[in-house]
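So the structure is just underneath, and the comments pick up after that.
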Amino acid sequence: MQTGFFFVKLKRLAPKSTGDSAVAILQEAFGDDRPYPVLAVELRRENGSDTTLYHMPTQNNELGCFSSEHFEFAGKV
């Protein structure tokens with residue numbers, strides 16, 4: 001097994017004006033088109049559904065756990 005980290009960037013999300021607080025928090029925590037390293041990946045199983053979470057730093061270097069559905073692979077950096 002190999003270990004290492006990879007980079008992701010925030011997907012283009014709905015504008016803040018939609019009132020979705022989760023989207024607003026992600027847009028404040030992550031800069032547009034900037035790659036962020038994923039330090040760990042976690043699979044959570046709750047109520048019969050699987051959720052993948054990324055453990056990664058925000059643009060203010062605060063570590064957090066975020067749903068992978070809001071990010072896309074950033075390619076080689």
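Output the residues belonging to the range 7-28 that are modelled with pLDDT of 75 or more and assigned to a helix (DSSP H, G or I). Selection gives 21, 22, 23, 24, 25, 26, 27, 28. Taken over the range 37-63, the criterion of being touching a strand residue (DSSP E or B) at 6+ places or on another chain (Cβ under 7 Å) and under 16 Å from residue 10 (Cβ atoms) is satisfied by 37, 38, 52, 53, 54, 55, 56, 57, 58. Only one of the listed residues (31, 4) is surrounded by 12 or more Cβ atoms within 10 Å (Cβ to Cβ), among the small types (Gly, Ala, Ser), modelled with pLDDT under 90 and over 13 Å from residue 69 (Cα atoms). That residue is 31. The set of residues from the range 35-68 being charged (D, E, K, R) and part of a strand (DSSP E or B) comprises 42, 44, 45, 46, 50. Taken over the range 38-68, the residue count meeting the criterion of being out of contact with any Lys or Arg (no Cβ under 8 Å at 6 or more places or on another chain), closer than 21 Å to residue 23 by Cβ and not hydroxyl-bearing (Ser, Thr, Tyr) is 11. For the range 69-76, the criterion of being without any contact (Cβ under 8 Å) to a residue 12 or more places away in the chain, touching a Leu at 6+ places or on another chain (Cβ under 8 Å) and assigned to a strand (DSSP E or B) is met by none of the residues. For residues in the range 34-61 being exposed (fewer than 12 other Cβ atoms within 10 Å of the Cβ) and among the small types (Gly, Ala, Ser), which is nearest to residue 7 (Cα to Cα)? Once the filter is applied, the top-ranked residue is 49.
The values are calculated or read from the model by the stated rules, or taken from the named source; none is laboratory data. For clarity, every value in this text was computed on a predicted model and none was experimentally measured. No Cβ is skipped: glycine too gets one built from the backbone with ideal geometry, and neighbour counts run over all protein chains shown.
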